[in-house]
Amino acid sequence: MSDTAEHATGYLLGHAALEQRRLLIQASYVRPWTARLLRRAGLTEGMSVLDVGSGLGDVAFIAAEIVGPGGRVVGVEREPAAVDTARRRAASAAFTDIVSFTNADLAEFDPVGSGAAWRPFDALVGRFVLQYLPDPAGTLRRLAGFVRPGGIVVMHDMDVSNPDVSVPRCALWNDCYALLGALFRAHGIAPDFGRHLTRVFLDAGLPWPDVDSGAMTGGKPGSTVFTWLGSAVQAVEPLLRQAGIALPDGLVVDDQLVATLERAVQESRSMVLGNTHYGAWTRLNDGPHRSERP
Ligand SMILES: C[S@@+](CC[C@H](N)C(=O)[O-])C[C@H]1O[C@@H](n2cnc3c(N)ncnc32)[C@H](O)[C@@H]1O
């Protein structure tokens with residue numbers, strides 16, 4: 001994956017209101033999948049968890065429900081506005097005793113230097129973040145160094161590269177879906193990043209991970225797939241224009257897009273796919289903690 005402007009300057013999708021809305025919509029539909037993944041990976045009551053690229057806090061909140069009052073969760077996020085929102089949401093969900101958020105870049109985040117209270121985490125988690133980093137394996141290796149021997153690393157990413165996402169074919173659905181992959185490619189980001197997770201874990205020097213996947217699927221009137229794709233295209237429209245990616249002929253990107261997609265899918269009587277999720281998890285080897293090694 002090449003280094004690109006957004007790798008140097010910020011998160012590709014930014015943090016404008018439409019992107020924050022998209023993140024919340026995405027977080028609510030993918031929540032059960034992430035919760036199952038974290039439990040399956042071994043997260044359990046009382047653990048300490050580091051959530052990287054914590055965004056608006058959704059993964060940290062799932063982790064907090066799992067670890068409970070005896071555990072703790074630290075979210076790390078580079079964007080100050082997202083950290084503010086996450087802190088507000090933690091307060092209104094009464095999670096502040098368990099969850100805290102730190103404003104830092106993952107390339108520089110260093111809990112070891114934060115003082116005498118430092119203890120290695122039991123688990124490192126992250127969702128939809130590695131693919132936006134210039135060096136996913138290098139960063140994962142570094143972050144895994146903050147996890148205790150025998151601790152857990154679990155990453156959740158996705159694939160939006162599938163060219164065949166409706167049966168019978170719904171042209172509008174396929175064309176809108178293809179915009180997401182085109183945008184990632186235009187910025188040097190692999191749209192099928194989720195499928196690279198095993199390699200990224202191994203390149204990071206971690207033990208071979210278990211993996212699981214699941215595709216968001218729908219089509220029935222009212223299905224959340226419509227909101228997912230409609231809100232995503234709305235959020236990225238300015239980036240598509242900047243990247244010179246043409247919108248499908250006649251497509252109007254506005255608040256009606258979700259309804260337009262739903263009508264098109266009803267007309268073609270299709271089953272449609274959203275993104276495919278990939279989860280990878282592993283347990284670190286027992287032995288001296290990395291930060292204690294010479
Ligand atoms: C797609 S969002 C996912 C947010 C959250 N993990 C979730 O699943 O709801 C990716 C987040 O990673 C953050 N991010 C990207 N690169 C980062 C970096 N180098 N350091 C810290 N945060 C980063 C972005 O600002 C953004 O909030």
### Query
If you go through the stretch 136-154, how many residues are of a type in the set (A, V, I, L, M) and either surrounded by fewer than 17 Cβ atoms within 10 Å (Cβ to Cβ) or farther than 20 Å from residue 38 by Cβ (or both)?
1
#### Entry: Matching residues in the stretch 65-86 - criterion: being without any contact (Cβ under 8 Å) to a residue 60 or more places away in the chain and within 14 Å of the ligand (Cβ to nearest atom)
73, 74, 75, 76, 77, 80, 83, 84, 86
### Query
Considering only the stretch 201-241, how many residues are in contact with a strand residue (DSSP E or B) (Cβ under 8 Å, 6 or more places away or on another chain), surrounded by fewer than 18 Cβ atoms within 10 Å (Cβ to Cβ) and closer than 22 Å to residue 38 by Cα?
9
### Query
What do you reckon, is residue 79 over 25 Å from residue 286 (Cα atoms) and surrounded by 18 or more Cβ atoms within 10 Å (Cβ to Cβ)?
yes
### Summary
Expected single match for of a type in the set (S, T, N, Q) and crowded, with 23+ Cβ neighbours inside 10 Å among 100, 48, 54 is 54
### Query
Can you name every residue in the stretch 42-62 that is more than 11 Å from the ligand (Cβ to nearest atom) and in contact with a strand residue (DSSP E or B) (Cβ under 6 Å, 6 or more places away or on another chain)?
42, 43, 47, 48, 49, 50
### Message
Looking only at residues that are over 16 Å from the mean Cα position of the chain (by Cα) and of a type in the set (Ser, Thr, Tyr) in the stretch 12-58, which one is farthest from residue 133 (Cα to Cα)?
### Response
44
#### Entry: Residue list for the stretch 126-176, restricted to those being within 16 Å of the ligand (Cβ to nearest atom) and in a strand (DSSP E or B)
126, 127, 153, 154, 155, 156, 157, 158, 159
### Query
Which of the residues that make up the stretch 87-101 are away from the ligand (no atom under 12 Å from the Cβ) and touching a strand residue (DSSP E or B) at 6+ places or on another chain (Cβ under 7 Å)?
87, 90, 98, 99, 100
### Query
Is it fair to say residue 123 is without any contact (Cβ under 8 Å) to a residue 12 or more places away in the chain and either away from the ligand (no atom under 11 Å from the Cβ) or touching a strand residue (DSSP E or B) at 6+ places or on another chain (Cβ under 8 Å) (or both)?
no
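Bear in mind that the values in this text are calculations on the coordinates, not laboratory data. Just so it is clear, the structure is predicted and the values come from calculations on it, not from any experiment. Glycine also receives a Cβ, built like all others from the backbone with ideal geometry; neighbour counts cover every protein chain displayed.
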